[in-house]
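A.B. asks: My questions will all concern the structure given below.
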Amino acid sequence: MANEPNGLSTVAQIEALADQLSAIADDIHVRVMKDINGHKGAPFTEAEQAIARGLLEDEVVLRQRADGLYADAATYVVQSLGQSQQKINQLTADAAEKIRKISRIADITGLIGGLLVLAGAAATGQPAPIVAAIERVSKQVKRVAASTPHKAV
């Protein structure tokens, strides 16, 4: 891995991040719809409604940021990130997995917030905010994993 090029150092790597962010937006939508359908007609609390609305708004913002990365990928190339593309890919894949599998939808809001920060940071083309965002998402993934009860198989 020492010889692996820095993450986000090519147009293709920026586009790969945009692909993953778009897929995560799809996962958010599916997850919110699953939670809504899981109520089976029962009333939603105001808090549940606010969370669902907020997540759907986050989905839209994530899609917009991913679209921006696609459109301007060449201008967002970062040569000195110091993070491998494999690490960035794994982090976003882990986040997507948590979004799909977490039992309480409210528990994913911090994780999605971190992904939005990562998407925005990638658009700056500056290593410092990107590294900070990667660290934030990594901490959120670990926090969600720690708070999720493990089911016996």
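The values are calculated or read from the model by the stated rules, or taken from the named source; none is laboratory data. Worth saying up front: this structure is predicted, and the values here are computed from it rather than measured. Glycine gets a Cβ as well: all are built from the backbone with ideal geometry, and neighbour counts include every protein chain shown. Heavy atoms of the whole protein, side chains included, go into the accessibility calculation; ligands, DNA and RNA do not. Shrake-Rupley method; radii C 1.70, N 1.55, O 1.52, S 1.80 Å.
A.B. asks: If I ask for residues that are β-branched (V, I, T), outside any loop (DSSP other than H, G, I, E, B) and surrounded by fewer than 18 Cβ atoms within 10 Å (Cβ to Cβ), which ones from region 118-153 would you list?
C.D. replies: Within region 118-153, just V131 meets the criteria.
A.B. asks: Could you check, for region 5-17, whether at least one of its residues is open to solvent by less than 20 Å² (accessible area, probe 1.4 Å) and free of Cβ contacts under 8 Å to residues at least 60 places away in the same chain?
C.D. replies: Checked against the condition, which is being open to solvent by less than 20 Å² (accessible area, probe 1.4 Å) and free of Cβ contacts under 8 Å to residues at least 60 places away in the same chain, region 5-17 yields no hits at all.
A.B. asks: Quickly run through region 39-60 and pick out the residues that are open to solvent by less than 50 Å² (accessible area, probe 1.4 Å) and more than 21 Å from the chain's Cα centre (by Cα).
C.D. replies: H39, A42
A.B. asks: Those residues that are surrounded by fewer than 20 Cβ atoms within 10 Å (Cβ to Cβ) and assigned to a helix (DSSP H, G or I), I need them from region 61-76; list them, please.
C.D. replies: Correct list: V61, R63, Q64, D67, G68, Y70, A71, A74, T75.
A.B. asks: Let me ask you something else. I need the full set of residues from region 96-111 which are farther than 26 Å from S9 by Cβ and assigned to a helix (DSSP H, G or I), in order please.
C.D. replies: Within region 96-111, K98, I99, R100, K101, I105, A106, D107, I108, T109, G110 qualify.
A.B. asks: With respect to the numbered conditions (1) open to solvent by less than 70 Å² (accessible area, probe 1.4 Å); (2) touching a Gly at 6+ places or on another chain (Cβ under 9 Å); (3) of a type in the set (V, I, T), which one is the sole condition not fulfilled by I24?
C.D. replies: (2)
A.B. asks: Looking at L91 and the list (1) part of a loop (DSSP other than H, G, I, E, B); (2) surrounded by 20 or more Cβ atoms within 10 Å (Cβ to Cβ), which single condition is not satisfied?
C.D. replies: Every listed condition holds for L91 apart from (1).
A.B. asks: Taking only region 1-55 into account, find how many residues are among the small types (G, A, S), in a loop (DSSP other than H, G, I, E, B) and under 17 Å from G120 (Cα atoms).
C.D. replies: 2
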